[in-house]
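What follows is a single structure, written as structure tokens, with notes after it.
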Ligand code: SAH
């Protein structure tokens with residue numbers, strides 16, 4: 001049986017035509033699935049009973065299963081743990097910001113990049129998510145919320161540019177105005193810094209916001225935190241960012257997780273400022289979200305502000321990421337890990 005979830009509008013149109021129906025039927029299906037969040041043919045009230053029965057005998061609309069939903073105490077964030085058909089688990093986070101509702105999606109089961117302080121890579125990479133599994137994180141969360149989700153950030157488990165085709169297909173589907181209609185400008189891809197894929201994304205021409213996990217302005221230190229730096233040096237990465245900006249005229253975000261005594265020296269803030277000079281950008285300072293496997297802490301808030309001040313004084317806009325849902329372990333991969341560990345202990 002063909003799973004309709006994960007198919008684009010034109011693909012559903014040709015599927016309908018192959019069944020001897022008009023392409024309009026394909027558009028109806030598209031809107032039921034991605035705009036209305038209806039995954040049962042029997043509920044598609046603008047299709048005749050005959051069509052509903054015929055479609056359910058040849059197609060299905062698969063779902064991932066929400067097995068745990070945790071709300072933060074302030075109810076400004078919720079974390080979803082999903083189980084996939086093969087038993088693997090991923091997580092997504094919903095965050096409320098003033099008048100915006102943002103969802104953070106995963107793109108892979110596990111992660112291959114093994115950044116020192118990130119929980120997602122601890123157990124390695126298992127597989128890429130299919131485009132329907134990426135899209136369904138959004139749909140499952142949207143259908144449980146009355147407010148429309150306005151923004152998508154690919155900052156969950158995995159590296160979106162290491163699952164390039166499925167991520168881009170999911171973006172196309174979620175962008176389509178007949179579906180969820182999320183503007184490209186409201187979509188952010190966060191990358192560990194895969195240089196060729198950043199250049200490839202630039203060629204797509206879509207105004208997707210790029211966020212680059214930098215975390216250190218010098219190769220030696222970045223290499224210790226992010227093993228990928230051994231393959232693509234900082235200079236190549238910055239060159240790729242400049243290229244991206246020359247093609248996609250949008251501000252780039254640099255993410256910088258602040259780790260006490262590791263990468264928080266104010267001299268490094270100065271180096272960071274001169275490194276990104278000339279790029280229209282913004283630095284997102286993220287105080288380390290601690291985990292037991294990485295015995296380090298975030299600097300105190302006074303030091304975080306001092307780091308921010310050095311950047312701003314050098315002309316680089318910087319903000320400190322508001323921590324949301326620390327009580328529900330909203331940092332990447334932490335819930336999945338906690339559940340796995342629990343499974344092992346049980
Ligand atoms: N693979 C992508 C997206 C996932 S991680 C990337 O590397 O960008 C999203 C962001 O959270 C990255 O900047 C990552 O470095 C950061 N991050 C991961 N674990 C963290 C932790 N324990 N504390 C603070 N930031 C963390």
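A few notes on this one:
- Residues (surrounded by 15 or more Cβ atoms within 10 Å (Cβ to Cβ) and part of a loop (DSSP other than H, G, I, E, B)) located in the stretch 284-295: 288, 289, 290
- Counting only strands (runs of 3 or more DSSP E) that fall entirely inside the stretch 93-154 and contain at least 1 residues that are within 17 Å of residue 175 (Cα to Cα) and at pLDDT 95 or above, the qualifying elements are 100-104, 151-154.
- Of all the listed residues (299, 287), the sole one being within 13 Å of the ligand (Cβ to nearest atom), at pLDDT 95 or above and more than 20 Å from residue 153 (Cα to Cα) is 299.
- Some residue of the stretch 226-240 being in contact with a strand residue (DSSP E or B) (Cβ under 8 Å, 6 or more places away or on another chain), assigned to a loop (DSSP other than H, G, I, E, B) and in the same structural domain as residue 104 (by TED's automatic domain parsing): yes
- Residue match in the stretch 322-329 (condition: assigned to a loop (DSSP other than H, G, I, E, B), assigned by TED's automatic domain parsing to the domain that holds residue 96, modelled with pLDDT of 95 or more and within 12 Å of the ligand (Cβ to nearest atom)): no
- Count of the stretch 250-283 residues which are near the ligand (Cβ under 9 Å from one of its atoms) and either part of a loop (DSSP other than H, G, I, E, B) or surrounded by fewer than 20 Cβ atoms within 10 Å (Cβ to Cβ) (or both): 2
- Flag for residue 74 being more than 24 Å from residue 8 (Cβ to Cβ) and surrounded by fewer than 20 Cβ atoms within 10 Å (Cβ to Cβ): yes
- Residues that are under 21 Å from residue 101 (Cβ atoms), without any contact (Cβ under 8 Å) to a residue 40 or more places away in the chain and away from the ligand (no atom under 16 Å from the Cβ) were ranked within the stretch 145-178; the one that is surrounded by the fewest Cβ atoms within 10 Å (Cβ to Cβ) is 146.
The values are calculated or read from the model by the stated rules, or taken from the named source; none is laboratory data. Note that this is a predicted model, so its numbers are computed, not measured. Cβ: placed from backbone, ideal geometry, glycine included. Neighbour counts: every protein chain shown.
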